[in-house]
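Since every read-out is calculated from the coordinates, none of them should be taken as a lab result. The model shown is predicted, which means the values in this text are computed figures rather than measured ones. Here the Cβ positions follow ideal geometry from the backbone for every residue, glycine too, while neighbour counts run over all protein chains shown.
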Amino acid sequence: MNEARAQTPRWALPLARLGLQPWDLAALLMCLVAFWHGWPATCDLAWPPDFDLYRDVPIAQTMLDGGGLADPAYPGERLWYNPLVPAIIAGLSRLAGQPVPAVYARAGAYLNLLAPLCFYLAVALLFKDRLIALASTLAFLFVTCQHPPSRACAAYSPWLFTANFTQAGFYLTLALYERALRRSRRRDFLPVGLALGLAFLGHTAPALILGSIVALHTVWTALRSLDRTLSSPQLHESIVRLGIITGAALAVGAPYLRIILCHYRLDILNPAPSSWIFSRLEIENFLALVRANLSLPNLVALVGGIVLLARPRDRVAHLLTLWLIVCLGFIGLGYGSQLAARLDLPVFYVVPSIHFLFYLKALVSALFGYGLLALIRFVLEFVKYLLPRLHGCFPGLLQTRVERVALILLALAAALWSYGPFVRQPAFNAVRERAQTVVPPGWRNAYTWIREHTSPSDGFLAPPYFGLHIVTPAGRKVVALKPVFSNPFIDAASRLEHNVAMYEYLQAGDGERFAILASAYEVRYVVTIDNAQLAAHNLPLEPVFTDTGVTVYAVSRPLLPT
Amino acid sequence: MNLGGKAEFLGRVISQTTDGQIQIELYLRCIKRMEDDYTLWFHADVEGRTTTFDHVLPTSEWRVGHIVQDALVLDLPPGRYDLSFGLWMWQDGRRLWRVDNGEPGIPLGQVEIR
C-alpha cells in the first residue's frame, strides 16, 4: 500500500485517498464530453421525440396520478411494460414540478451518464485494469456506435430510451456477479440477485441476458464438478448460489412479475410489441448487417475475444464468452422466429432482437480495450523479433509502460477519429428537430386542456397517433393504440377495429351504434384531427375544445344506454 | 346486463336491410373466460307462438374484455314480435342466467314486421 502510494504522483494523492486513479477521472471527463453534446440537444425541450418515449410517458403520468401499476391506456387493465424508468421519471417530475413529457425529454442527458460510468466500472472490475477500461469506455462513448438510432446501440444517448438507461444495471450486475464468484462468499450473491431483479424492473432484455449468463455459468460449474464426483460440495454450492440470486431477483421483480405471470399468465393476444423487427435485423438484410459490422473497432474487439478465448479457465473469459453466446443465441432466435412466421409455423417471440444487438455492441466496446492492448503487445513482440538488438532496450517495466502509453494514445486517436461523426450523429441533431415538431402547438394546447378539464378515468375516442402522443401522456384512457404500443395481453386488433367503427358511425350519423360501443369503452370524449367531419345531426356530442387541427367533443351522458 | 357472470349485454341495434328484412345486432362483452361454446338462443314471440333463431357462438375463444358483435336477420311473416335472447348449452341444458333477476334471457323489445 505504502509502496503504491510512493509511486503515485503527488497531484494524484487526493484521488488515491478516495480509492481513485487518474484514469477514473479521465473516464469521468470523457463522459462529460459526451454530456457536453447531449445536454444542448435536450435542455430546452418540452416533448420527447420518439414513439417509444410516448409509450413510457403515460406510465409515469399514471403513477403520478395515483394509478400505480395500471395500464395507462386501457381502463381496468394492468401495466404491461417494465416500470422502473417511468417510476424514476414520475419521482423526478414531482420533485422538479415539471410536466412528465418535459422531464422525459430532458432527463436522459443526465440519467444516461450512468451507463458509461457503470460500463467503465464493470470493465475495470472484469479486466482488473482501469486503463483497459478507459480505452473501452472511449470506444463505448465515441467509436463503436456511429449512426444507428440510440436504442440500437449501447452508447451514451441524451434520450431516455429504456434500453439506453437500463444498460447501466446490466454492467453493474455483471460486475457484481464476477466479484461474487471471485470472493466465493454466499452473501456476495445476494446483491447480484437484487441487481438482477432491478434490471428486470428496468427492462426485460438485460435481465434475460444476465439470467442466462448466471444460469449457464452455474450449469458449467456444476458439470465441471460432476467430472470428479456426483455429490460434489461444489455442485451443492453452485445450486445454493443460484437459489440466492434467483430468490432475490424474484423478490425485487415481484411487482411486475405478478402482473405478467399471475394476472395475465403470459397469455399474449397481441404479439406486436415483442415481434417488432428492427429493419437491419430482417432476414433480407442479414448480409448487409454483417458487411456494416466489418469495421476496425469490431476487428479490434474480435482480437480481444480471441485472446480471451485462449484463457479457457479464466472466469472473466468465461463470463464474456457467455455474454456473446447468449446475445447471438437470442439474435438467432429472432431470425428463427422470422423464418417460422414466413413458413406459417408457430412462433414464440421473447423481446425484439434489437436489444440483443444492442448488448452485442456493448460487448464489442468492452473487448475493445483488451483487444487493442493485445494488438500492441503483438506489434511490440513483432518489432522485437525483426530487430533482435532491441531486446535489451525493453526490460519488463519499460515494455509495460510503452504498451500502456500506446494503448491510451491509440484509444484517444480512435476517439478523435470518430469525434466528427459522433458530434454529427442524429441523436444530437435530427432527433432534436423531431422533438421540437412532433407535437404541433394545437395538440399541446389540447394536452393542457385534457389535463385541466378531465379526470384520469375518462376515456377518449381518438386517432391512435393522437392517443399515443397526447391523450395517454395526459394520463387518460383510450379505445385503442397501435398494436406495437399496446398491451400485449389485450386483443389490440379488436380494439382498433372498434376505434375505426366508432368513427365510421359518427361520420354516418349513426348515434345508436356509436353509443353502444362508446358505453362499452367508457368513452367520455371524442377527438377529431385535421378537420375531420362528423355528421352534424343525431349525435350525442358537444364540442368542448378546439384549436388548430384538433377538436375535442364531450359525449352527452344521458344519450348513453343505461 | 350480466349473463351468468360470464358475458355482459351492451346493447342492440334493430335495423332494416335493403330487401326489407329486419336485422338485429347484439353487442356482448366477455367478462370471464368460458370453457364451452354456448349457443345463442333468439326468440321472436307472437300470439303464443315462438320462432327460434339459434346458433352456436365460439364463446370458448372469447377473451376477457373482448367485445363481440353478433347479427342475425329475421325471416318472419308479418306481425308484432316480442324479441329476447340468452345463452345456453343445448347439450346439457345449462344456461347463463341473468345475475340481476335470475331470468334466463334478456328482452330486446318489440319489432313490427309488415
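In straight-distance terms, cross-link reach from A:LYS361 covers every one of the lysines whose alpha-carbon lies under 22 Å from its own, apart from those fewer than eight places away in the same chain; here that gives A:LYS128. From least to most packed, judged by other beta carbons within 10 angstrom and beginning with the fewest, A:TRP23, A:TRP47, A:TRP276, A:TRP36 follow the order A:TRP36, A:TRP276, A:TRP23, A:TRP47.
Placing +1 on each Lys and Arg Cβ and -1 on each Asp and Glu Cβ, with no other charges, gives segment A:508-552 a dipole about its Cα centre of roughly 60 debye. Only one residue of A:VAL350, A:SER136, B:VAL56 has its Cα farthest out toward the positive end of the dipole of the protein assembly as shown, where Lys and Arg carry +1 and Asp and Glu -1 on Cβ, and that residue is A:SER136. Among A:GLU237, A:GLU284, A:GLU504, A:GLU403, a tally of other beta-carbon atoms within 10 Å of each Cβ gives an order, fewest to most, of A:GLU284, A:GLU504, A:GLU237, A:GLU403.
The Stokes-Einstein estimate for segment A:276-354, based on a Kirkwood radius over Cα pairs and taken at 20 °C with 1.002 mPa s viscosity, is a diffusion coefficient of 149 µm²/s.
Summarising the label geometry, the points placed 7 Å from Cα in the beta-carbon direction at A:VAL379 and A:TYR335 lie 3.3 nm from one another.
Qualifying trypsin sites (Lys or Arg not before Pro) in segment A:343-430, where qualification requires a DSSP coil assignment and no more than 14 other C-beta atoms within 10 Å, comprise A:ARG424.
A simple charge model with +1 on the Cβ of Lys and Arg, -1 on the Cβ of Asp and Glu and nothing else charged puts the dipole of segment B:27-114 at about 240 debye relative to its Cα centre. Between 0 and 90 degrees, rounded to the nearest ten: what's the tilt of helix A:511-520 against the longest Cα principal axis of chain A? It works out to around 40 degrees. Between 0 and 90 degrees, the angle of helix A:162-183 with respect to the longest Cα principal axis of chain A falls at about 40 degrees. Between A:PHE348 and A:ARG389, the C-beta separation translates, for a Förster distance of 56 Å, into a calculated FRET efficiency of about 0.30. With the simple spin-label model, which puts each label point 7 Å out from Cα in the Cβ direction, the B:HIS55 to B:ASP92 separation comes to 2.6 nm.
Step by step: find N for the protein assembly as shown, compute 2.2 N^0.38 Å, then divide the Cα radius of gyration by it. What's the final number? All intermediate terms of the calculation are to be shown ahead of the outcome.
On the way: Rg = 31.2 Å, N = 676, 2.2 N^0.38 = 26.2 Å.
My calculation over the Cα atoms of the protein assembly as shown gives 1.19.
Fewest neighbouring Cβ atoms within 10 Å first, the residues A:ARG476, B:ARG63 line up as B:ARG63, A:ARG476.
Per-residue counts of other Cβ atoms within 10 Å, averaged by peptide: what ranking do you get for A:305-314, A:547-556, highest first? Please report the intermediate quantities before stating the final value.
On the way: A:305-314: 13.5, A:547-556: 18.4.
Ranking the peptides A:305-314, A:547-556 by packing returns A:547-556, A:305-314.
Taking the centroid of alpha carbons for each part, segment A:254-268 and segment B:44-114 are 36 Å apart. For chain A, the share of DSSP beta bridges that are antiparallel, to the nearest 5, is 70%.
About its Cα centre, how strong a charge dipole does segment A:429-562 have in debye, to the nearest 20, once Lys and Arg get +1 and Asp and Glu get -1 at the Cβ?
Details: 11 positive and 12 negative charges, 86 e Å.
Approximately 420 debye in magnitude.
Residue by residue along B:63-71, Cβ atoms of other protein chains within 10 Å of the local Cβ number 5 on average.
A helix-only calculation puts chain A at -19500 deg cm²/dmol for mean residue ellipticity at 222 nm, using -39500 (n - 2.57) for each DSSP H run of at least four residues, averaged over all residues.
With respect to chain A, whose longest principal axis is taken over its alpha-carbon atoms, helix A:114-127 is tilted by about 30°. Here the gap between A:TRP417 and A:ALA292, fully extended at 0.36 nm per residue and compared with their Cα-Cα distance, gives a gain of 43.2 nm.
When Rg and Dmax are taken over the Cα atoms of segment A:1-102, they come to 21.4, 66 Å.
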